[in-house]
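K.L.:
Before we start, here is the structure in question, set down as structure tokens.
The values are calculated or read from the model by the stated rules, or taken from the named source; none is laboratory data. Model, not experiment: these values are computed from the prediction. With ideal geometry, Cβ positions are generated from the backbone for all residues, glycine too; neighbour counts draw on all protein chains shown. These accessible areas exclude ligands, DNA and RNA; they are computed on the full protein's heavy atoms, side chains included. Shrake-Rupley method; radii C 1.70, N 1.55, O 1.52, S 1.80 Å.
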Amino acid sequence: MQISLLIAAVAAVAAEPPWYQKTWYPYLFDCSDSADWRDQYDSACSAHSANECDVETRSACPQTCGLCTPSSPKMVIATPPIMAAAVAFLFIAYLYVRIDAFPTGAEVGLARVDELSLKIKSGARQFLETEYAYLTIFVVGLALTLFFLFYLTEDENAYTIALSVSLSFVTGATLSASAGWWGMMVATDGNAKTTAACAGDRANGVPGSLNAGLNVAFSTGAVMGFAVVGLGLAGVSTAYVVLCSIYGDDDQALVMQCLAGFGFGASSIALFARVAGGIYTKAADVGADLVGKVEAGIDEDDPHNPAVIADNVGDNVGDVAGMGADLFESYVGSIIAAASLAVTQAQKEGDTLQGKSTQAIALAFLLPAVGIVASTIGFFAVNTSAQGKGWDVHLGTLMWALEKGMYLAAALFTAGAYVCVVQICGLGTNIFACVIIGLAAGMAIGKVTEYFTSFDFGPVMSIKDRGMTGPATVVIQGLGVGMISCVPPTLVLSVAIVSTSALGGAYGVAISAVGMLSTLGITLATDAYGPVADNAGGLAELSHLGKEVRDITDSLDALGNTTAATGKGFAIGSAVLTALSLLSAFKNKINDPTGYDVGDPVVLSGVLTGAMLPYLFAALTMISVGKAAAEIISEVRWQFKHIRNAKGISLGECIRVYTEKAEEFGEGVYRAAPEDEVEPDSDKCVAISTRSSVREMIAPGAYAVLAPLMGGFLVGPRFLMGLLAGAITSGCMLAIMMANAGGAWDNSKKLCEKLGLKKSKDPAKKEQQKACVVGDTVGDPFKDTSGPALNILIKLMSMVSLTVAPLLKDHKDYDHWEYGLIPTAIFVVLTLILGPMMNILTWDDPLANMVSGDAPEDMGKGSSSRSYEPLGLPTTGNRRNTVCKVIGRLLGGGGGVHQNLVTP
């Protein structure tokens, strides 16, 4: 039905082009553009000549003239996107009904699955409530700062402008946080239903299937995708209407200045959500992997591992809430950048957009609206007939189950984009080509990322092969794969930037970013599907479900790993185009006639400083993961040795019994009697991850906001231009390298599981699998913490710069440098507080007190118990030293933490 309506609409446009000019978008055309059809009106306007149509003549025009008294431009621009956002919300309601129809664990006789899912949901909710409490203080403080900054520096309408910018900032921040919360809540509900769908209803003879699990997980992910695009498009469109109502339709430059505050708010929340969520999930993941897999030799989601619940919580707060906030910011940022450039570029003589600012602004809002409709239709194409065979699957076959939905959405969007660009807005085929180039570039980057991170291809296989010689060569090979993976995406982005710039100038680049992100509804659904599938597999293992269920959930997880990697590549590509567009908008606003020669010492100094910032940012987040993981490792080791049941059996002894029985009867066959079972204290690991991640997010987030303010006010806008250019360049390379290297390490471990190396009787193959686990552990903060956060870093600094651009306009180098002392002083004071006072920015061993026996009560129960061999199982010194040195040096900054911990 929807497809037939769309075809009918396209046919109507082709049959009678003038219909939309007369009834829907008459304001898009100047009088001179429409002189040939003015006489078609019943009552022609006599208040202006054939080639004149300004504000004064419009006000004097009779109400019967459709040319000079069209609907309010702001409402005509905003109505289609607001209607499309309503479609997104209605579709979400349909998805809720669809998800609600799937059985819960209790309904198929698996009540334990629901109990564990509630623990995961409780942990995720606890983290977000804690994080948002801190962010509320940040948002209010920064909103007040923006208010007083603009109030004290604006010459006219200072109070109104200051209030508009600050309220736009708060609105953007609120909607960004809401998108993350919404996605996380539904994801923690969908994981149990995905497990139930994979298990089937045995009592009624209904078998579980891969397609059933895929439908549940993808429907859950789709709620996240459409929540982001619905909230984003509705929010930015409504903000645009309100600002136009305040400042008038004819002062678009001021409207865009205030609208930049909306993007600033979204960016700041996205950065904190990504950093805190990434630190949380990877601290728990690293701790669970090292102590569980490598030391104890148990499975990834073994219910006896105290860090498993925290690990599954982290999948939701990092990969769902964090990714949602990230792409929400990209989505609205690309619209704001394109609309801002439309205003400035339309004023240039001889430009393709000259005199067409309204049409160009309208297009920036229309394309995402078309993308929502196309994504809604594409959703129904997602399904698979493949069977769940665990890790023994061909990922290309499974990827097609999701890709056909994305391809259908892309095809429908292409047709709709042509109508919007050429027929409705009359901007010509050059701009349409820019949109398609952006869409194609996003898809190409996704396929390249799949090649470098899927275990179906050579790069990941080569990392697995290096495991034969130990973890060091696994790490070396993974770094090499990550570095070389920068080449194809960089070439794709370079070609896209050069070609779109040639076709449409800076606006062409910006509208290509809008095109790339227009089908975000279904693209983000495939990404958010991954952590839901991962949680489903964890719940299956935690609930001791059979191998046939694990095979299905493992197949879904294998697909999820690849979609997550391709989603990160897509996010990086869109971030670069968006940041570049924001940079162009900033340059147009500051209007420095001296230019930005890269050979100029001031500009070059800015480039070097900007190129350094992503490395500083990545280092802070990597070290944070290392410190938080060390606490998790210590806690898990303590519990293995000291948590006991009523019969006095320790958690470690219980694990040893399960290991022996698995070797005797096979995995998943033996179940201990209830009185012999030992339950770990998973709440302790959840609390450690929550506390550590919230503390550690402060420095990276604050520095990202302060850096452009310090550079712009202390030195000048030319230095800031260089800083942004350097940050975009090095941030792009570092983000691609870290995301792809981490994804390749992760899937090399999965490839070992697919090949059965862990269960092999050959000791060399077991060691090969353990070496790949170490590589995966190193790669965890690469792909899920530092790498993804760099996308937001470059966009946030660009958005901050665009927001304060009016305050830097016409400034020369070192003009009013004294203003720069304020953010510099804040930077110094904050660093002192986080360093010596709070012991966050420090090289000190975070567990030194535990090792020496002086641990605080809330950080452990006696450090002398935190020895390396919690299970009493025989271990080799070589393996112990290798694991601790590699992880300690690559994550913790020197290995001292882990070397101390292994001392009996």
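K.L.:
For His816 paired with Ser245, estimate the spin-label separation in nm (one decimal), with each label point 7 Å from Cα along the Cα-to-Cβ line.
P.N.:
Going from the His816 label point to the Ser245 one covers 3.1 nm.
K.L.:
Can you compute the charge dipole magnitude of region 483-632 about its Cα centre, using +1 on each Lys and Arg Cβ and -1 on each Asp and Glu Cβ, nothing else charged? Give it in debye, rounded to the nearest 20. Provide the component values of the computation, followed by the final result.
P.N.:
On the way: 6 positive and 11 negative charges, 70 e Å.
Using only the charged Cβ atoms, the result is roughly 340 debye.
K.L.:
Right, another one. Subtracting the Cα-Cα distance from 0.36 nm times the residue separation, let me have the gained length for Ala764 to Val495 in nm, one decimal.
P.N.:
Numbers: separation 269, 0.36 × 269 = 96.84 nm, distance 4.59 nm.
Between Ala764 and Val495, full extension yields an extra 92.2 nm.
K.L.:
Once you have the Kirkwood Rh of region 559-609 from its Cα pairs, apply Stokes-Einstein at 20 °C and 1.002 mPa s and quote D in µm²/s.
P.N.:
Approximately 158 µm²/s, per Stokes-Einstein.
K.L.:
Lys/Arg Cβ at +1, Asp/Glu Cβ at -1, dipole of region 303-435 taken about the Cα centre: which of Met323, Asn430, Asn312 is farthest positive-ward?
P.N.:
Of the options given, the answer is Asn430.
K.L.:
Under a point spin-label approximation (7 Å from Cα along Cα-to-Cβ), what is the Tyr134-Tyr615 distance to one decimal in nm?
P.N.:
2.7 nm
K.L.:
Can you pull the percent of region 412-551's accessible area that's carbon plus sulfur, 1.4 Å probe, other chains left in place?
P.N.:
Working: 2910 of 4060 Å².
C and S fraction of accessible area: 72 percent.
K.L.:
Going down the list Lys627/Lys758; Lys121/Lys193; Lys661/Lys761; Lys568/Lys750, which pairs span over 23 Å between their C-alpha atoms?
P.N.:
Numbers: Lys627/Lys758 28 Å; Lys121/Lys193 13 Å; Lys661/Lys761 16 Å; Lys568/Lys750 19 Å.
Over 23 Å Cα-Cα: Lys627/Lys758.
K.L.:
May I pose another question? Would you calculate the separation in nanometres between label points at Asp844 and Glu156, each defined as 7 Å from the Cα along the Cα-to-beta-carbon direction?
P.N.:
It is 5.6 nm.
K.L.:
So what is the accessible area of region 719-807 per residue, in Å², with the probe set to 1.4 Å?
P.N.:
Working: 1770 Å² over 89 residues.
Counting only protein heavy atoms, the per-residue value for region 719-807 is 20 Å².
K.L.:
Viscosity 1.567 mPa s, temperature 4 °C: what is the translational diffusion coefficient of region 425-528 from Stokes-Einstein with a Kirkwood Rh over Cα pairs, rounded to a whole number of µm²/s?
P.N.:
The estimated diffusion coefficient comes to 83 µm²/s.
K.L.:
Given a Förster radius of 30 Å and the C-beta distance between Ala203 and Glu679 as r, what FRET efficiency does 1/(1 + (r/R0)^6) yield to the nearest 0.05? Walk me through the intermediate numbers first.
P.N.:
Numbers: r = 27 Å, r/R0 = 0.90.
Computed FRET efficiency for Ala203 and Glu679 comes out at 0.65.
K.L.:
A follow-up question, please. Largest first and in whole Å, what are the equivalent-ellipsoid semi-axes of region 177-319 based on the Cα gyration tensor, each being the root of 5 times an eigenvalue?
P.N.:
Equivalent ellipsoid of region 177-319: 41, 22, 8 Å, largest first.
K.L.:
Tell me whether region 738-783 comes out rounded, prolate or oblate; compute the Cα gyration tensor, take square roots of the eigenvalues as a ≥ b ≥ c, and use a/c under 1.5 as the rounded threshold.
P.N.:
On the way: a/c = 4.02, a/b = 2.32, b/c = 1.73.
Prolate.
K.L.:
Note the full-extension length gain between Ile484 and Val829 as 0.36 nm times their separation in residues minus their Cα-Cα distance, in nm to one decimal.
P.N.:
Values: separation 345, 0.36 × 345 = 124.20 nm, distance 4.02 nm.
So the chain would gain 120.2 nm between Ile484 and Val829.
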